[in-house]
Amino acid sequence: MKRLIPTLKGDKVELELLMLVRTILAGCKEIAFRVSQGALGDVLGSTLDENIQGEQQKKLDVIANQLLKSMLLSDENVRSIASEEEDSVVPGAADGRFIVAFDPLDGSSNIDINGQIGTIFTVFAARPELAADDPEQFKQTGRKQLAAGYVLYGPSTMLMLNTGGATRCFTLDRTHGGFLLTNEAVSIPKQTAEFSINMANSRFWFEPTTKYIAELLQGEVGPRNKRFNMRWNAAMVGDIHRVLSRGGIFLYPKDNRDADKPAKLRLLYEAMPMAMLIEGAGGSAYAESSAILDIEPDSLHQRVPVIMGSADEVAHAVSFY
Ligand code: AHG
Ligand code: MN
Ligand code: MN
């Protein structure tokens, strides 16, 4: 096993990017420690506040956001920050070379049940012509991500990271405090018999989703001629970690529960970084008929439908839309 060394070509930007990823990971290690303390660490339960998206903030959402924000703002290379828990862009160093977007705590409904939760992050080059507080900084397609990853706070704390080549997986060594490389090229099987969707929303789905899932549910006696199994963690990090580990298809489609929010997952700090990890492992990631990595965000908290995972299964699912 090797120590964490993201692609390092020796030039200054790469070295600065490496330092920035290390800053993010330092924040995540602190979050991992707080999570492990559970009720002993006063991190469970809710606050009385809502975020910009009208969701009640859990204590850990706020703690994780503050930790990452303060660590990133102390890095002179960070020009702007966007977070699920911040209404607008938080300006950093005026001449910083990078911008960072993150979901400080993904899977908030799992916090109080000791379930899977995580932190999702993405790094882009700053646009030098724009001010640090300009949300247009984040108007960049996912193809321009310099680094994307998540840290999963599960029975082991794991890092999934992509800095342009293969998606790599690291495991936190609690004895020494470092992330050790445990899979240098994650690879998702092209085919799968496992799907992941919140079936409780089925009466709100649109026809393409209803038809696709109906085929899967018919199993070996239906048109797919195979029996599918279903898993739903209610934390994208947990579901995507399973897909990266053994294949599968993950969907959070549009539905008609709330006309103002037809999709649930956020493009910038959920769908985009996960799409980079999935594509880097040979999988596919779509927002219905467009590749997620080709979509340019028109706002920080923009939501998109998500279909990602095993390439052949995603291609089949996308053919319904
Ligand atoms: P967050 O906790 O950051 O708001 O994200 C939760 C997201 C995602 O992680 C998960 O896939 C989905 O919400 C679960 O949604 P349901 O509760 O509708 O199943
Ligand atoms: Mn989330
Ligand atoms: Mn969150």
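The values are calculated or read from the model by the stated rules, or taken from the named source; none is laboratory data. It should be emphasised that the depicted structure is a prediction, and the values quoted were computed from it without experimental measurement. Note that each Cβ is placed from the backbone with ideal geometry, even for glycine, and that neighbours are counted across all protein chains shown.
Here are a few things to note about the model shown:
- Selection from region 51-63 of residues that are more than 11 Å from ligand 2 (Cβ to nearest atom) and of a type outside the set (S, T, N, Q): 52, 54, 58, 59, 60, 62, 63
- Scanning region 55-92 for residues that are buried (at least 18 other Cβ atoms within 10 Å of the Cβ) and small (Gly, Ala, Ser), we see that the one that is nearest to residue 112 (Cα to Cα) is 64.
- Contacts under 7 angstrom Cβ, first residue in region 289-313 being touching a residue at least 60 places away in the same chain (Cβ under 8 Å), partner acidic (Asp, Glu), 6 or more apart: 293/279
- Unique residue being at pLDDT 95 or above and either not charged (D, E, K, R) or not in a helix (DSSP H, G or I) (or both) when the list is 164, 149, 54: 149
- Any chance residue 235 is within 22 Å of residue 154 (Cα to Cα), touching a residue at least 24 places away in the same chain (Cβ under 8 Å) and surrounded by fewer than 24 Cβ atoms within 10 Å (Cβ to Cβ): yes
- Qualifying residues in region 111-126 (those that are farther than 22 Å from residue 275 by Cα and either surrounded by fewer than 20 Cβ atoms within 10 Å (Cβ to Cβ) or free of Cβ contacts under 8 Å to residues at least 40 places away in the same chain (or both)) - the one farthest from ligand 2 (Cβ to nearest atom): 114
- Residues satisfying the stated conditions in region 76-86, i.e. over 20 Å from the mean Cα position of the chain (by Cα) and outside any strand (DSSP E or B): 76, 77
- Qualifying residue in region 177-184 (condition: outside the structural domain of residue 281 (by TED's automatic domain parsing), modelled with pLDDT under 95 and over 26 Å from residue 280 (Cα atoms)): yes
- Qualifying position, being in the same structural domain as residue 22 (by TED's automatic domain parsing) and under 17 Å from the mean Cα position of the chain (by Cα), among 68, 73: 68
- Residue 106 meets all of the listed conditions (1) within 16 Å of ligand 2 (Cβ to nearest atom); (2) of a type in the set (D, E, K, R); (3) surrounded by fewer than 15 Cβ atoms within 10 Å (Cβ to Cβ) but one, namely (3).
- Those residues of region 222-242 which are outside any helix (DSSP H, G or I) and more than 16 Å from ligand 3 (Cβ to nearest atom), in sequence order: 222, 223, 224, 225, 226, 227, 228, 229, 230, 231, 232
- Condition check for residue 172: surrounded by 14 or more Cβ atoms within 10 Å (Cβ to Cβ), in the same structural domain as residue 80 (by TED's automatic domain parsing) and within 18 Å of the chain's Cα centre (by Cα): no
- Of the residues screened, residue 94 is not one that is away from ligand 3 (no atom under 12 Å from the Cβ) and either in the same structural domain as residue 236 (by TED's automatic domain parsing) or within 17 Å of residue 27 (Cβ to Cβ) (or both).
Listed here are the residues, each with its yes/no results for (1) assigned to a strand (DSSP E or B); (2) more than 20 Å from residue 139 (Cα to Cα); (3) out of contact with any strand residue (DSSP E or B) (no Cβ under 6 Å at 6 or more places or on another chain).
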| site | (1), (2), (3) |
| --- | --- |
| 88 | no, no, yes |
| 96 | no, no, no |
| 111 | no, yes, no |
| 121 | yes, no, no |
| 127 | no, no, yes |
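- Taken over region 32-51, the criterion of being more than 15 Å from ligand 3 (Cβ to nearest atom), part of a loop (DSSP other than H, G, I, E, B) and surrounded by 14 or more Cβ atoms within 10 Å (Cβ to Cβ) is satisfied by 44 alone.
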